[in-house]
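Let me begin by presenting the structure, written as structure tokens, before commenting on it.
The values are calculated or read from the model by the stated rules, or taken from the named source; none is laboratory data. Model, not experiment: these values are computed from the prediction. Counting neighbours? That spans all protein chains shown, and the Cβs are built from the backbone with ideal geometry, glycine included.
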Protein chains: 2
Amino acid sequence: MSQEKSFIDRLEVRVVVFSLRDDQLQALFCRSEPIITQVAWELPGDCIPIHQSLEESAGQCLAYFIGLHEAYLEQLYTYGDPGQDPEKRVISVVYFAIIPAGTIINTKIQPTIKWFPVKELPELANNHRDIVDYALRRLRYKLEYTAVGFELLPENFTLTELQRTYELILGEKLDKRNFRRRILEAGVIEPIGQWQSGEGRPARLYRYRPDAVAEVQARRLFP
Amino acid sequence: MSQEKSFIDRLEVRVVVFSLRDDQLQALFCRSEPIITQVAWELPGDCIPIHQSLEESAGQCLAYFIGLHEAYLEQLYTYGDPGQDPEKRVISVVYFAIIPAGTIINTKIQPTIKWFPVKELPELANNHRDIVDYALRRLRYKLEYTAVGFELLPENFTLTELQRTYELILGEKLDKRNFRRRILEAGVIEPIGQWQSGEGRPARLYRYRPDAVAEVQARRLFP
DNA sequence: GCAAAAGTGTTACAGTTACACCCATGG
DNA sequence: CCATGGGTGTAACTGTAACACTTTTGC
């Protein structure tokens, strides 16, 4: 095993932050340093201090950019192609994060950040567009067989809100009765005994049961 | 964004190599340098030269250890917890590889490597046991919704061999008629017009259709 | 001719989908 | 009292799982 050291790699963490805002799935970007003249956006990120684990760094990145200390966080992929300069390479360990709808984030910490709907992304630096696309695929995919959808919602929510969340991410309409029957049968949520009033009949509020076992048996390609 | 450089990180690639051997799923390890006196095994790996991409390095690792230049390769996870020494950290980008059954590998290149059945792993260095467990989960999982199972087989195979492969990895018996019906209906394999003889009636040989679309619609947790 | 492995259909059951109306509240 | 969104059950259909015997070859 060769022992050649890689002194000139730069190791960074990047985070794709998703949230539901304005009835759309949005992702967070920050303005990149204008290298030539073009201004582009990039994924929030940072170097990884030697004393930190990768996940800690991703978490700290969230704290730094949006002042948030708790969020769903999952490693997505590590990118590390050599660039044009054969003496330089950036290793990007990318995480994705999910922020509950309605979370108030402190944009004063970092005035250069901005949310964009995933359907209307701006021009992004490097391969960040591909990264977001991949994160989105993973989110959709994961939504189908785990309970990750609840991470997008506040602690208490109505069944209509939950259904809307699923519809937004999957990009298709779902049947109300089937949706309700199945999610209640799955036993992953419980009513909190309160109702949310607004226009029309008040809606029962539910919360996710953190003890819920919410992995579905995959459908096999072959039996 | 802070610009602190991480000079003392060591960046390495590791590969979990799976193959079917002796009617068992096996993984490849190499003898680790005996640090104190205890001899343990570790995942084959190497440093990542600055001019290479991560996947290239993983591929080169396969070439170096077993003289193989083509194999299914997929990024698994990146590990990078700080160790005891706060000035040192190893970043391990881990891939997993699948080698078709019957592939003759050149163990003369590296006499210190050895296959172990995944059910009888030896003592492994660092967190490599966890890594293998995770790779195995991913392999099982992936088998259920993609056609990755074919990577474990030689180019031509019988339906019984294919079924056996699935049974070995999933760890359960499958029904012969259901298995055959569904895989043939899926249209991912085609007969090559030859038969393999041995004991009993000769078996028809098939091959995987590389143009096959072989992703199954996931079963949803909620509709 | 027999041992050994390949190959082949049907039926019962479970899960999924499609679908339309009444209910409770606020204004 | 009416507009608005919340809430509820059933029937047809589709996919899945369970199951045993015949066929072809080598020895």
**Prompt:** Hey, among the residues in segment A:38-74 that are in contact with a helix residue (DSSP H, G or I) (Cβ under 7 Å, 6 or more places away or on another chain) and in a strand (DSSP E or B), which one's surrounded by the fewest Cβ atoms within 10 Å (Cβ to Cβ)?
**Reply:** A:Y72
**Failed criterion for A:V132 (all others in (1) closer than 30 Å to A:C30 by Cβ; (2) buried (at least 19 other Cβ atoms within 10 Å of the Cβ); (3) aliphatic (A, V, I, L, M); (4) facing chain B (nearest Cβ under 9 Å) hold)** = (4)
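Near DNA strand D (Cβ under 10 Å from one of its atoms) and modelled with pLDDT under 95: which single residue out of A:L221, A:L170, A:L124 fits that description?
Result of the check over A:L221, A:L170, A:L124: A:L221.
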**Fill in**
Of the candidates B:P154, B:P111, the one satisfying the condition of being in a loop (DSSP other than H, G, I, E, B) and over 15 Å from the mean Cα position of the chain (by Cα) is B:P111
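Hey, any hits in segment B:193-216 for a residue that's in contact with a Phe, Trp or Tyr (Cβ under 7 Å, 6 or more places away or on another chain), within 11 Å of DNA strand C (Cβ to nearest atom) and part of a loop (DSSP other than H, G, I, E, B)?
The first filter runs over segment B:193-216 and keeps only residues in contact with a Phe, Trp or Tyr (Cβ under 7 Å, 6 or more places away or on another chain), leaving B:202-206, B:208, B:215-216.
Narrowing the set further to residues that are within 11 Å of DNA strand C (Cβ to nearest atom) leaves B:202-206.
Filter once more, keeping what is part of a loop (DSSP other than H, G, I, E, B): B:202.
Among the residues of segment B:193-216, at least one is in contact with a Phe, Trp or Tyr (Cβ under 7 Å, 6 or more places away or on another chain), within 11 Å of DNA strand C (Cβ to nearest atom) and part of a loop (DSSP other than H, G, I, E, B), which makes the answer yes.
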**Message:** Which of the numbered conditions does B:Q84 fail, given that it passes all the others? Conditions: (1) free of Cβ contacts under 8 Å to residues at least 24 places away in the same chain; (2) surrounded by 14 or more Cβ atoms within 10 Å (Cβ to Cβ).
**Reply:** (2)
**Item:** Unique match (being part of a helix (DSSP H, G or I), surrounded by 14 or more Cβ atoms within 10 Å (Cβ to Cβ) and touching a strand residue (DSSP E or B) at 6+ places or on another chain (Cβ under 7 Å)) among B:L162, B:L168, B:L184
**Value:** B:L168
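Can you tell me which of A:N106, A:N126 is on the phi > 0 side of the Ramachandran plot and in a loop (DSSP other than H, G, I, E, B)? I'd like the intermediate steps shown before the answer.
Working: A:N106 fails: on the phi > 0 side of the Ramachandran plot.
Of A:N106, A:N126, the one residue that is on the phi > 0 side of the Ramachandran plot and in a loop (DSSP other than H, G, I, E, B) is A:N126.
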**Prompt:** Going through segment B:186-198 one residue at a time, which ones are over 21 Å from B:E151 (Cβ atoms) and at pLDDT 90 or above?
**Reply:** B:G193, B:Q194, B:W195, B:S197
